[in-house]
Amino acid sequence: MESYALLIGATLSAGTVLAIAALGLLINEKAGIVNLGAEGMMLCAAIAGFATVVHTGSPWLGFAAGMAAGALLAAVFGWLVIWLNTNQYATGLALSLFGVGFSAFAGIHYVQAKLPELPKYGIPLLADVPVLGPALFRQHPVVYLTMAFTAALVWFLYRTRAGLVLRSVGESPQSAHALGYPVRRIRLAAVVAGGALCGLAGAYISTVYTPLWVEGMVAGRGWIALALTTFATWRPARVLLGAYLFGGVTMLQFHLQATGVQVASQWLSMLPYLSTIVVLALISRNPQWIRVNMPASLGKPFYPGT
């Protein structure tokens, strides 16, 4: 039972990385913007957060630095695609490639660096409950904050006027513009907020999830988070559940290896990416279902006055 409790705990931690990034991308896409640069933003945020913790010793400053790095890159992306009307897909890919290269260059001197020992977290009393304690109640605070943020985002999108405006910008920017809403500024704010969340996910990887710096350590999680928004049909609660599903698949490979299952490690390493492809293929069998839930102007530029 202890091994399964550890597996559940690791699943929550691994799923948190995907959930934070995917929720950020969800905010982007609700406003009609597709950002394929999540992988690059997360890598830049990972080295920014790691370097900050190395020099200050504060994980929370590391999170702030990661969010700032992600928001800055997202702001540049937003300026290019929203004000200059560059192609969203090409610009996002360029951002991703830039992030991969820049993070590798910036992180050269931090490959052997070590972080100060992090405190042990746990909810008093509940953390000592057999099985459930190690599985659910000894997580980093960011894990619980992600759950709370998901609920808050559901409330914001579907129960507030600001959320309605954000969704209207993604569904029909011309109508929102005709009603006097600053479509471009709203989209830019959504892009920056999404970038900050991707940055938080990157910083979480390098300071909590695997507290070290290795070139390319995000390892495709930005792309999985991007696929997760489609898997969840642009619903925050489904994003969280899907993130835990993919996180569980990721951790399953280590659990199987630890229990002595005789499967080639290469096959086990493929599981998270293979499951992503399978899920997307299954969802794509019903394009009508995707079309109903997908923001109508997703990926399309907005030209004021048209």
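The values are calculated or read from the model by the stated rules, or taken from the named source; none is laboratory data. All values derive from a computational prediction rather than experimental measurement. Heads up, the Cβs are rebuilt from the backbone with ideal geometry, glycines too, and the neighbour counts pull from every protein chain shown. Surface accessibility is based on the protein's heavy atoms, side chains included, excluding ligands, DNA and RNA. Shrake-Rupley method; radii C 1.70, N 1.55, O 1.52, S 1.80 Å.
In segment 105-224, counting only helices (runs of 4 or more DSSP H) that sit wholly within it, the ones holding 2 or more residues that are open to solvent by less than 40 Å² (accessible area, probe 1.4 Å) and at pLDDT 95 or above span 141-159, 161-171, 183-204.
Report yes if some residue within segment 23-45 is of a type in the set (Gly, Ala, Ser), farther than 30 Å from GLY163 by Cβ and at pLDDT 95 or above; otherwise report no. No, every residue in segment 23-45 fails to be of a type in the set (Gly, Ala, Ser), farther than 30 Å from GLY163 by Cβ and at pLDDT 95 or above.
When ALA46 is tested against (1) assigned to a helix (DSSP H, G or I); (2) closer than 28 Å to ASN293 by Cβ, exactly one condition is not met: (2). Filtering SER175, SER96 for residues that are among the polar types (S, T, N, Q) and either in contact with a strand residue (DSSP E or B) (Cβ under 9 Å, 6 or more places away or on another chain) or in contact (Cβ under 8 Å) with a residue 12 or more places away in the chain (or both) leaves a single hit, SER96. Within segment 15-61, the set of residues being over 23 Å from PHE302 (Cβ atoms), of a type in the set (S, T, N, Q) and within 15 Å of the chain's Cα centre (by Cα) comprises THR16 only. Starting from residues that are polar (S, T, N, Q) and open to solvent by less than 10 Å² (accessible area, probe 1.4 Å), keep the ones in segment 27-71 and report whichever is nearest to TRP155 (Cα to Cα). The qualifying residue nearest to TRP155 (Cα to Cα) is ASN28.
Among the residues of segment 225-235, the ones that are surrounded by 24 or more Cβ atoms within 10 Å (Cβ to Cβ) and over 20 Å from LEU271 (Cβ atoms) come to 1 in all.
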